[in-house]
1. When the stretch B:286-303 is examined, which residues are found to be surrounded by 18 or more Cβ atoms within 10 Å (Cβ to Cβ) and within 15 Å of B:Asp226 (Cβ to Cβ)?
2. What number of residues within the stretch A:90-110 are touching a Pro at 6+ places or on another chain (Cβ under 9 Å), outside any loop (DSSP other than H, G, I, E, B) and within 9 Å of chain B (Cβ to nearest Cβ)?
3. Looking at B:Val236 and the list (1) touching a helix residue (DSSP H, G or I) at 6+ places or on another chain (Cβ under 8 Å); (2) surrounded by 17 or more Cβ atoms within 10 Å (Cβ to Cβ); (3) not in a strand (DSSP E or B), which single condition is not satisfied?
4. Residues of the stretch B:64-93 being in contact with a helix residue (DSSP H, G or I) (Cβ under 6 Å, 6 or more places away or on another chain), facing chain A (nearest Cβ under 7 Å) and not in a strand (DSSP E or B), which ones?
5. So which residues in the stretch A:21-35 are in contact (Cβ under 8 Å) with a residue 40 or more places away in the chain and either among the charged types (D, E, K, R) or surrounded by 14 or more Cβ atoms within 10 Å (Cβ to Cβ) (or both)?
6. Quick check on my filter: what residues within the stretch B:1-45 are charged (D, E, K, R) and either part of a strand (DSSP E or B) or more than 19 Å from B:Val194 (Cβ to Cβ) (or both)?
7. Please find, within the stretch B:1-42, the residue that is nearest to B:Pro167 (Cα to Cα) out of those that are among the charged types (D, E, K, R) and under 17 Å from the mean Cα position of the chain (by Cα).
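The values are calculated or read from the model by the stated rules, or taken from the named source; none is laboratory data. Computed from a predicted structure; not experimentally measured. Ideal geometry is used to build each Cβ from the backbone, glycine not excepted, and the neighbour counts take in all protein chains shown.
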Amino acid sequence: MTSASFAPVLRSYSYWLTVYRRTWRGTIVTGVLSPVMFLAAMGVGLGSLVKGGSGNAGTDGLTYLQFVAPGLLAATAMQIVSFEATYPVLGSFKWIRNYHAAAATPLTSSAILAGHLLWMATRAAMASGIYLAAIAAFGAIRTPLAVLALPVCVLVGMAFAAPITAFAGSRDRDSGFAALQRFIIVPMFLFSGVFFNVTQLPAVIRPVAYITPLWHGVRLTRDLTTGQLEPGAAWQIPLHVLYLAALVAVGVVIARRVYRDKLAN
Amino acid sequence: MSDDAPEPLIHARGLVKRFGDFVAVDGIDLDVMPGEAFGFLGPNGAGKSSTMRMIGCVSPPSEGTLRILGLDPRTQGPRIRAKLGVVPQLDTLDLELTVRENLLIYGRYFGLPRAVARERGDQLLDFVQLLDRADDTVEPLSGGMKRRLTIARSLINEPQLLLLDEPTTGLDPQARHVVWDRLFRLKQQGVTLVLTTHYMDEAEQLCDRLVVMDKGKFAAEGSPRDLIERYSSRDVVELRFALGENEVAAEKLAGLGDRIEVLPDRVLLYTADGDGCLSEVHNRALAPLSTLVRRSTLEDVFLRLTGRSLVD
C-alpha cells in the first residue's frame, strides 16, 4: 500500500484511538487479570495434576504450564477480536453510525474498513503483549524466540478479525453474535490444541481441528515460547503462517464488498 | 448562458437511481448555482434522500450525467467530498465522546492538522452557540443542540456546498428557529445550501428555489412565490359545515372561486379574492359553522401536486 493511500486509513484509525481513550483503563485491568487467573488455575493448579508424558499423547515433555500458556496466548488474540469485530462493527453501521459519518468525508469505504481492522490488530497486539509478559512472569517461557509469538498472535487475531468483520458488517441485528461465540469461538477454544494435543481427539473429528485457524496459531505460539519443535515439523511453520494469512485475505476481500455495498450504494 | 457565467455546483441530466427493480430517482435534470439555497420538497419515498446521497457522492448514479463542483462523482468521490458539508437525516454523532472530540475526529477525516481543527472547531461551536458545552459528552444534549453540533461538524472543512437532509425534523419550534437562523447566516455568507424538507415553512424561509418531488420525478420547480402563483390561487377560503353536509354545500358553492376542494372535515375555495368570495358564500344563504380566509401557502401547492393520500 502506498503512503498516499495509507493516510486515510490512519484517519479512520484515529477514530478508534479517540474512542479507546475513554475505556482503556478497564481493558488494561481485564488484560492483566485474565492471564494471571488462567495461568494460575490451568497452568499451576490443574497442571499439578497433569503428569507431563512425552510425545503427542502427553505434553511433549513440557510442564503443563509451559504447554498450556502458549495455547491460552493464541486463544486470547482470537477472543479479543471476536468481540472487537462484532458489536463495534455492527454498531458503527447501525447504532452510532460513525461509519456513515466517515463515508460523507473524503474517506472511502475501504479506508474506513482498513482503519478499523488496523485498530483490531492493535487490540490483539496489546492483549497478547500483556499475556506474553504474564507468561514470562510465571516463568513459562524457555527461549527468546518467544517475542515472535507476538506478531503471530496479531496474525491469528486478524485471521479471525477479517472474516468476522465481514460477517458482522452484513448483519442487521446482533442476534448472530451469540451463536458465533457458542458454536465457533468456544468450541475452538476447547478443542484446537490449547489444553491438550488434538491427537487425543477421535480420528474422525481430528481433521476439523486441523482446519481451525486457532490450531495453526497454537502450533506456532507453542513452538515459539517453548523453542521445542516436533522432530521434522519445521517445514510446517510456513504452512501455518500461509493458512492464517489466506484467511485474512479472504476475509478482507469479502469485508471490502460488504462495506462498499453498505456505505457506497 | 454567456461564457463568463459561473459554472453550476451541481449539474445533473437524466439522473436515475435504481435499487433492484425499484426506481428511486427517475430521470431528473438539475442545476444549482453558487450561492443559491435550493430545496427538495416531497412526501416520504419521493426520492429526495436518494438524490441527496448521489449529490453527496456516497451513492453512485445508476444512469445519467452528474457533475458536482465540475467533477464526476463516479471517479472523483473523495475529492468532491473533501469540499462538501453533509448534515444527514439521522444524526451520526458519537454520543459517548465530547462535543469537541466529535468535531476533532471529523477534522481528522478531512486531513486537517489538529491545531487547525481545534481552532476552527471552537469558532464553529461559538457559531452554533455550543461553545460552553464543548467538553460535555453529546449524550445528554437536546435534539436541537445535537442538530446544531451536526451542522457545526459539517462546516469543519469550510465546504463550498452544504447538503442538509431534513435539518429540523423532530425539533421543537424554538430549536427550529435557531437552526434556521444559523442556516440563514450561512446563506448570507455565500454558502450554497441544498436541503430536503417536508416542512413548507422551512422551504419558504430558506429556499430561493425549490422543486417538488413525487415518485422520483420533479412535479414542479421554481421560487416559492412562483409555485404558489402557478399552482394555487392568492387566497384560500376554508369553510366548515356540520357533519355530512360538506357535499351538499359544495354543490351550492359551484362556480365560486377558481377551484373547489371537498375534504372530509371542510371545503376549500381557491380564489384570487378571499373576502369577496366569502361574502358571496353568505349571499348564497349558506351558513358554515366556521370560516377562515387565508393566503395560499406552499402547503397548498404541495398537496395539490403530490395528493392528499397518505404515503408510508
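1. Scanning the stretch B:286-303 gives B:Ser296, B:Leu298, B:Asp300, B:Val301, B:Phe302.
2. Number satisfying all stated conditions: 2.
3. (3)
4. B:Thr92
5. A:Thr27, A:Gly31, A:Val32, A:Ser34, A:Pro35
6. Result: B:Asp3, B:Asp4, B:Arg13, B:Lys17, B:Arg18, B:Asp21, B:Asp26, B:Asp29, B:Asp31.
7. B:Glu36
Each row is one residue, and each column tells you yes or no for (1) within 17 Å of the chain's Cα centre (by Cα); (2) among the small types (Gly, Ala, Ser); (3) farther than 13 Å from A:Ala159 by Cα.
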| residue | (1), (2), (3) |
| --- | --- |
| A:Gly193 | yes, yes, yes |
| A:Thr199 | no, no, yes |
| A:Val204 | no, no, yes |
| A:Gly232 | no, yes, yes |
| A:Leu244 | yes, no, no |
| A:Gly251 | yes, yes, no |
| A:Val258 | no, no, yes |
